[in-house]
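Student: Mind looking over this structure? Questions follow.
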Amino acid sequence: MNAPLPPIQKILEGLHAELMENRGGEVATYIPELGKADPEWFGVCLVTADGQVYQVGECGQQFTIQSISKPFVYGIALDDHGKDAVLEKVWMEPSGEAFNAISLRPGTGKPANPMINAGAITSNSMVAGDGVEEVVGRIKQVLGTYAGRELTIDESVYRSESETGHRNRAIGYMLRNFDILEEDPTDCLEAYFMQCAISVNCRDLGMMAATLANGGVNPCTGKRAVSRQHVENILSVMGSCGMYDAAGEWIYNVGMPAKSGVAGGILAVLPGQLGIGVFSPRLDPCGNSVRGIEVCRGISRKFGLHMFQVPQLSTSVLRRVGSLMQTRSSRLRSKAQTRKLKESAGMVRVLELQGDLNFGTAEFAMRQLTEDAAGVRELVLDFAHVTRLDSSATGVLSLAFASWLESGRRISICRCERFPSLREIIEAEASDLSDKAEFFDDMPAALEEVENRILEEAGLRRHSSERVGLECCYLLEGFTVKELEFIRGVLEPVAFPEGSSLMNVGDEPDGMYFLMRGKASAWITTEGGLQRRVATFSPGMNFGEMGLLDDSPRSAEIRADSDLETLKLTKDGLRKMGTDVLATLLANLTRILADRLREANAELSQLHS
Ligand code: DON
């Protein structure tokens, strides 16, 4: 059986087949070489922002990039000189004129925008480099980074355009006359003709578009083609001026920033999501590919890709909102400690976020902070399930945190290592309050710190360096002094150095341990190979009891986080205990296991998804 066709591929193939019948428009001939194109050529390529390529038709057919080079060269000028210097020379207003209009903006004398030839020739003049060869070499190299492969110039198209480019020469001299070009325009015009003659295919256009959709980094090679901050400038001029006189209709129907070229290419970008490259040489009177426009319109309509489609506010950004009542650290606590933590549960707000955070979802999440917050002193915030944090969300979160800290409260932030700018802003903005904001590698560690603070204040914290007697062991509650003495007689003292493993997953159980001094933790390895700490133990606690109960191999590794003193109860020792002692011991064990199960259930019941 064949593998099912991916749905995107199916839609592209359907649109391609349907539009093959559309033979409207004319191949451009004003550059004689372009007239040699086969009018039937038709390729469509969609590349996702993470680099998945879907293509149909003639996606390997080479053609010249023409005006589609303009936004990319504009990006080089922005990177070389900065936005302000570029805006001094080229404005960003749609002109409503043909791409090759011989006109400048009244008053300022600047080209209206970088997508018409006057603006594009000016952008070319701003590419850093000495002489035509260096400038064009740089343009080829940067465009190649967008495409993910080395690009070359189609010499015959270049010569053809240079021989017939009188109108562009007129534009060049006009720019020189108004001092927009500061030198003789000859070299700059040759460099412009060459940039237009860079040879690409439809797949290259798709990849270049996906690179813009991905914030300027080619999703397949991981190489940066343009600085992130200039991507929005490039996409803005593509959105308002990229399709010339058809820009309004295009944005209305397709809703993506785009750029067309007279060889028949169109490149469209849906920021953060995908890029589209299309090639079909027959053009409409505005100079845009007829099938190219139709196929982009079809893709946009079929998948609902219009960038102004209003998204629903996602409330599923909250994975869990709770208190210490439902979410506790993995540290096992005594009865008295557990009671205290339950009493104080409302002092701690635990917020687990998930999914993409933008302005709307971050604002919604932060509202949960202030709601009924009078008695709340501590916030534990987990980013482990957050997939994206845009700059507006970073702003909203850091403002909310700053006012939370200013009100005298504390924040514990977990797993925000993927969002370093958030940490930087919090540390910079709340530098005088930084002792109140702490960062943790996992939520149990943060919760443990918060719990410790509460227990410390209540005088109930037990330090791991303290040595305890058997009367402090939770499993031995309810035994008389005499019984404890008897139990002590059957236990074996065993010491472990810091860093050692007391037991490993799969080991045969040979007994259980009472921890009398020191700190230990239990670890499991997830299916993805990650090590996860599932419990921490302090003096008075026991571990390894499950194996003793069901004789099954160990299910977790136990590590000594400090030098340990333990008392070991072996199977042999268990047999030596009388039935009364054994009955109380088993009753205690059942109670401890039932408590843990209840806590796990309470935690699960809080999950929003
Ligand atoms: O300036 C020119 O004439 C061309 N080399 C580029 C024009 C172009 O692609 C216009 N876009 N549709």
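No lab work stands behind these numbers, since they all come straight from the coordinates. Please read all numbers here as calculations on a predicted model, not as lab measurements. Reconstructed Cβ throughout: ideal geometry from the backbone, glycine too, with neighbour counts over all protein chains shown.
Student: I'd like to know which of Ala583, Gly540, Leu530 lies farthest towards the positive end of the charge dipole of region 499-609, counting +1 on Cβ of Lys and Arg and -1 on Cβ of Asp and Glu.
Tutor: Projecting each Cα onto the dipole axis, the largest value belongs to Gly540.
Student: Would you be so kind as to identify which of Gly255, Tyr192, Pro285 lies farthest towards the positive end of the dipole of region 165-314, taking Lys and Arg as +1 and Asp and Glu as -1 on Cβ and the Cα centre as origin?
Tutor: Gly255
Student: So, one more: Given the C-alpha centroids of region 203-235 and region 546-607, what is the distance between them in whole angstrom?
Tutor: So the separation of the two Cα centres works out to 56 Å.
Student: Fewest to most neighbouring Cβ within 10 Å: what's the order for Cys220, Cys196, Cys59? Provide the component values of the computation, followed by the final result.
Tutor: Values: Cys220 18, Cys196 29, Cys59 21.
With the sparsest Cβ surroundings first, the list reads Cys220, Cys59, Cys196.
Student: Right, next: At a Cα cut-off below 22 Å, give the lysines reachable from Lys10, other chains included and same-chain residues fewer than 8 away excluded.
Tutor: Of all the lysines, those that pass the test against Lys10 - Cα under 22 Å, at least 8 places apart if same chain - are Lys302.
Student: Considering only the chain, what is the antiparallel percent among its DSSP beta bridges, to the nearest 5?
Tutor: Details: 57 of 76 bridges.
Percentage antiparallel, nearest 5: 75.
Student: Can you tell me the orientation of helix 391-406 relative to the chain, as the angle in degrees between its alpha-carbon axis and the longest Cα principal axis, to the nearest 10?
Tutor: 40
Student: Among the aspartates and glutamates, which fall within straight-line cross-link reach of Lys576, defined as a Cα-Cα distance under 19 Å, with same-chain neighbours fewer than 8 residues apart omitted?
Tutor: Partners found: Glu483, Glu485, Glu492, Asp510, Glu545, Asp550, Asp551.
Student: Here's a follow-up. Cα axis of helix 420-429 to longest principal axis of the chain: angle in degrees, 0 to 90, nearest 10?
Tutor: Tilt of helix 420-429: around 80 degrees.
Student: Based on the alpha carbon coordinates of region 470-604, what radius of gyration and maximum Cα-Cα distance (Dmax) apply, in Å?
Tutor: Taking only Cα atoms of region 470-604, I get Rg and Dmax of 15.0, 49 Å.
Student: Taking only Cα atoms of region 537-609, what ratio of Rg to Rh do you get with Rh as the Kirkwood inverse-distance radius? Each step should come with its number before you reach the end.
Tutor: Numbers: Rg = 15.3 Å, Rh = 14.8 Å.
Radius of gyration over Kirkwood radius for region 537-609 works out to 1.03.
Student: Expressed in whole Å with the largest first, what are the equivalent ellipsoid semi-axes of region 477-539 derived from the C-alpha gyration tensor as the square root of 5 times each eigenvalue? It would help to have the intermediate numbers written out before the result.
Tutor: Values: eigenvalues 168, 33, 30 Å².
Three semi-axes, in Å: 29, 13, 12.
Student: Kindly express, to the nearest 10 degrees and within the range 0 to 90, the angle between helix 69-81's C-alpha long axis and the longest C-alpha principal axis of the chain.
Tutor: In the chain, helix 69-81 runs at an angle near 70 degrees to the longest axis.
Student: With a Förster radius of 30 Å, plug the Cβ-Cβ distance of Leu582 and Ser500 into 1/(1 + (r/R0)^6) and report the FRET value to the nearest 0.05. Mind showing how you got there, number by number?
Tutor: On the way: r = 30 Å, r/R0 = 1.01.
The computed FRET efficiency comes out at 0.50.
Student: Using helices alone, what [θ] at 222 nm do you get for the chain, with -39,500 (n - 2.57) per DSSP H run of 4 or more residues, divided over all residues and rounded to the nearest 500?
Tutor: Values: 21 runs with 251 residues, N = 609.
Dividing the helical sum by the residues of the chain leaves -13000 deg cm²/dmol.
Student: Largest first, please: the extent of the C-alpha atoms of the chain along each principal axis, to the nearest Å.
Tutor: Principal axes ranked by extent give 109, 62, 42 Å for the Cα atoms.
Student: A further question follows. Taking amide H positions as placed 1.01 Å from N in the peptide plane, with prolines and chain starts having none, which residues 5 or more places from Arg319, or on another chain, fall under 5 Å of its amide H?
Tutor: Those lying under 5 Å, H to H, from Arg319 are Glu352, Leu353, Gln354.
Student: Follow-up. Go through Ser329, Thr387, Val450 and say which Cα lies farthest out towards the positive end of the charge dipole of region 318-457; charges sit on Cβ, +1 for Lys and Arg, -1 for Asp and Glu.
Tutor: After comparing all options, I get Ser329.
Student: For the chain, with only Lys/Arg (+1) and Asp/Glu (-1) charged at the beta-carbon, what is the dipole magnitude about the Cα centre, in debye rounded to 20?
Tutor: Working: 63 positive and 82 negative charges, 319 e Å.
Approximately 1540 debye in magnitude.
Student: Note down the magnitude of the dipole of region 21-303 about its Cα centre, charges +1 on Lys and Arg C-beta and -1 on Asp and Glu C-beta and zero elsewhere, to the nearest 20 debye.
Tutor: Numbers: 24 positive and 33 negative charges, 165 e Å.
Once rounded to the nearest 20, the dipole reads 800 debye.
Student: In terms of the Cα gyration tensor, with a ≥ b ≥ c the square roots of its eigenvalues, is region 29-108 rounded because a/c is under 1.5, prolate because a/b exceeds b/c, or oblate? Present the calculation step by step, with values, prior to reporting the outcome.
Tutor: Details: a/c = 2.86, a/b = 1.47, b/c = 1.95.
The shape class here is oblate.
Student: Could I ask something else about it? Using only the Cα atoms of region 21-303, build the gyration tensor, take square roots of its eigenvalues as a ≥ b ≥ c, and label the shape rounded, prolate or oblate: rounded if a/c is under 1.5, else prolate if a/b is larger than b/c, else oblate. Don't skip to the end; give the middle numbers.
Tutor: Numbers: a/c = 1.42, a/b = 1.26, b/c = 1.12.
It comes out rounded by the Cα gyration axes.
Student: Go through region 168-227 and name the trypsin sites (Lys or Arg not before Pro) that are in a DSSP coil and have 16 or fewer other Cβ atoms within 10 Å of their Cβ. Provide the component values of the computation, followed by the final result.
Tutor: Details: sites: Arg169, Arg176, Arg203, Lys223, Arg224; in loops: Lys223.
Those satisfying the criteria are Lys223.
Student: Starting from the eigenvalues of the Cα gyration tensor, five times each then square-rooted, give me the equivalent ellipsoid semi-axes of region 91-177, largest first, whole Å. Walk me through the numbers before you get to the answer.
Tutor: On the way: eigenvalues 124, 50, 33 Å².
For region 91-177, the ellipsoid semi-axes come out as 25, 16, 13 Å.
Student: Which loop GluC sites (Glu not before Pro) in region 77-155, with loop taken from DSSP, have no more than 15 other Cβ atoms within 10 angstrom of their Cβ? Intermediate results must be reported in sequence, preceding the final value.
Tutor: On the way: sites: Glu88, Glu97, Glu133, Glu134, Glu150, Glu155; in loops: Glu97, Glu150.
Taking region 77-155 and a limit of 15 other Cβ atoms within 10 Å, the loop GluC sites (Glu not before Pro) found are Glu97, Glu150.
Student: How would you classify region 439-531 from its alpha-carbon gyration tensor, with a ≥ b ≥ c the square roots of the eigenvalues: rounded for a/c under 1.5, else prolate if a/b is greater than b/c, otherwise oblate? Could you put the intermediate results ahead of the total?
Tutor: Details: a/c = 2.40, a/b = 1.21, b/c = 1.98.
Oblate, because a/c is 1.5 or more while a/b does not exceed b/c.
Student: Another question, if that's okay. For the cross-link pairs Lys340/Lys571; Lys110/Lys259; Lys36/Lys259; Lys482/Lys568; Lys70/Lys223, which exceed 29 Å when the distance is taken from alpha carbon to alpha carbon? Intermediate values should be presented prior to the final figure.
Tutor: Details: Lys340/Lys571 35 Å; Lys110/Lys259 21 Å; Lys36/Lys259 22 Å; Lys482/Lys568 19 Å; Lys70/Lys223 21 Å.
Table pairs above 29 Å Cα-Cα are Lys340/Lys571.
Student: Same structure, new question: Ratio of alpha-carbon Rg to the 2.2 N^0.38 Å globular estimate for region 318-457, to two decimals, please. Working shown, then result.
Tutor: Numbers: Rg = 14.4 Å, N = 140, 2.2 N^0.38 = 14.4 Å.
In units of the 2.2 N^0.38 Å rule of thumb, it is 1.00.
Student: For region 162-194 and region 345-359, what is the separation of their Cα centres, given in Å?
Tutor: Taking the Cα centre of each part, region 162-194 and region 345-359 sit 58 Å apart.
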